[in-house]
1. Hey, can you rank 289-296, 145-152 by average C-beta count inside 10 Å, highest first?
2. Can you compute the helix-only [θ] at 222 nm over the chain? Use -39500 (n - 2.57) per DSSP H run of at least 4 residues, normalise by all residues, nearest 500 deg cm²/dmol.
3. Could you point to the residue in ALA181, PRO68, ALA127 farthest towards the positive end of the range 45-188's charge dipole, with +1 and -1 charges on the Cβ of Lys/Arg and Asp/Glu respectively?
4. Lys pairs in the chain, Cα-Cα under 27 Å, at least 8 apart or on separate chains: how many?
5. For the charge dipole of the chain, defined by +1 on Lys and Arg C-beta atoms and -1 on Asp and Glu C-beta atoms about the Cα centroid, which residue among THR16, SER171, ALA229 has the Cα displaced farthest towards the positive pole?
6. What's the magnitude of the charge dipole for the chain around its Cα centre, counting Lys and Arg as +1 and Asp and Glu as -1 at the beta-carbon? Answer in Debye, nearest 20.
7. Suppose a student asked you for the relative contact order of the chain, using Cα pairs under 8 Å spaced at least 6 residues apart; what percent would you report?
8. For the chain, take N as its residue count and report Rg(C-alpha) divided by 2.2 N^0.38 Å.
Amino acid sequence: MELQLASSPSNTVAITVNNPTVTSTTPATRCGVGTVNLAASSAGYSIKWYDTVVAGTSLYTGNAFVTPTLTASKNYYAAAFLPGGGGTGTLPIGAGATTSATYSNPFYSLWSNLHSQHIVLASELNAAGIYAGEINAIGLDVTSAGTLPMIDFSLKIGTTTASTMAAFENSASFYTVYTSASLMPTTGINTLQFTSPFNWDGVSNIVLEFCHGNSGSSATMSRTVKADATTFISSIKTHTSAGTAAATQCPNTTTNLLSYSVRPQFYFSYVGDCEGTRLLVPATITAPPAINVSSPLSLICENAATTLNVSSSNANYVYTWEPLSVNGTKYKCIANGYNKVYCYCRRCWY
């Protein structure tokens with residue numbers, strides 16, 4: 001018997017590949033200290049500006065970029081990008097190899113109140129496949145939900161240059177992205193959908209701040225979430241050993257302070273930007289040509305006068321003389337009751 005193999009083509013799956021490219025750049029030069037106007041453009045894409053060729057934080061978004069005041073030449077870089085073009089998804093940070101049934105878990109409290117912060121490193125997010133763009137939700141995987149809701153629950157998000165959670169970060173500039181008057185978790189992944197997306201720069205470490213409190217209860221909220229041990233201090237908390245309102249507990253950074261090298265397995269929902277290669281756009285500062293002031297006389301009597309002359313290799317200079325603020329290449333300098341008289345010439349572009 002002869003076997004015959006048959007095959008049939010599968011359906012076609014189309015994948016769109018975004019390739020943002022800067023199509024033109026406009027470097028600029030100025031004479032002396034000041035700002036420089038740079039520009040870049042891209043067909044169909046927006047432009048981000050950086051002062052580093054890789055990594056770093058975006059300085060500005062837009063085709064035209066005005067530098068800060070510069071005293072020397074400086075390199076800037078323009079990158080074309082497509083907001084949200086890097087894909088969307090939800091990815092976990094950590095394997096959830098263990099569980100937390102204590103204060104490294106922001107859903108737990110022995111006294112029905114808690115203020116905690118947890119750090120997630122940019123390197124961890126990048127390793128998971130999350131890059132610069134919008135973060136629009138955080139999830140925790142609850143393995144035991146308990147029976148008590150968290151009262152006046154809030155979640156804030158911000159960034160830090162710190163690499164551990166050895167101390168509380170000042171959260172005054174953090175964004176409040178989720179609130180609930182009474183939050184009762186359920187078993188499984190609990191997603192806290194942000195009221196507004198958080199735009200992450202892709203390089204800063206992220207801090208998540210959780211807070212809740214019930215002034216009318218000091219009961220234990222026994223619940224567990226999936227978690228992971230970390231090689232650095234990743235969680236910090238305070239609580240009050242009495243029924244305490246969230247408004248009182250949230251600013252508390254000292255009472256029953258403890259830190260942990262354990263962190264919940266956080267699920268990040270994201271919308272990533274698609275960014276192309278950065279192109280150099282230099283801002284060049286040139287030293288202004290020198291001016292030469294001369295006088296036929298270096299010694300004159302009181303009430304006498306001498307004429308000063310000024311010249312430069314730059315034919316476009318306009319000369320302003322002090323103290324009378326007059327213009328021209330010549331200036332009559334008069335001594336009036338002084339042992340010495342000083343006349344100055346300033347220069348500017350015509």
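Just so you know, all these numbers are worked out from the coordinates, no wet-lab data involved. These numbers come from a predicted model, not from an experiment. All Cβ positions, even for glycine, are placed from backbone atoms using ideal geometry, and neighbour counts span all protein chains on display.
1. On the way: 289-296: 12.0, 145-152: 17.9.
Those peptides, ordered most packed to least, come out 145-152, 289-296.
2. Values: 2 runs with 11 residues, N = 350.
The helix contribution divided over the chain gives -500 deg cm²/dmol.
3. Sorting the options by dipole projection puts first PRO68.
4. On the way: LYS48/LYS74; LYS48/LYS156; LYS156/LYS226; LYS156/LYS237; LYS226/LYS237; LYS330/LYS340; LYS332/LYS340.
So the count of such lysine pairs works out to 7.
5. Comparing the listed Cα positions along the dipole, SER171 ranks first.
6. On the way: 14 positive and 14 negative charges, 241 e Å.
In total the dipole reaches around 1160 debye.
7. Numbers: 911 pairs, mean separation 80.5, N = 350.
The value is 23 percent.
8. On the way: Rg = 32.2 Å, N = 350, 2.2 N^0.38 = 20.4 Å.
Compared with the compact-globule rule of thumb, the chain sits at 1.58.
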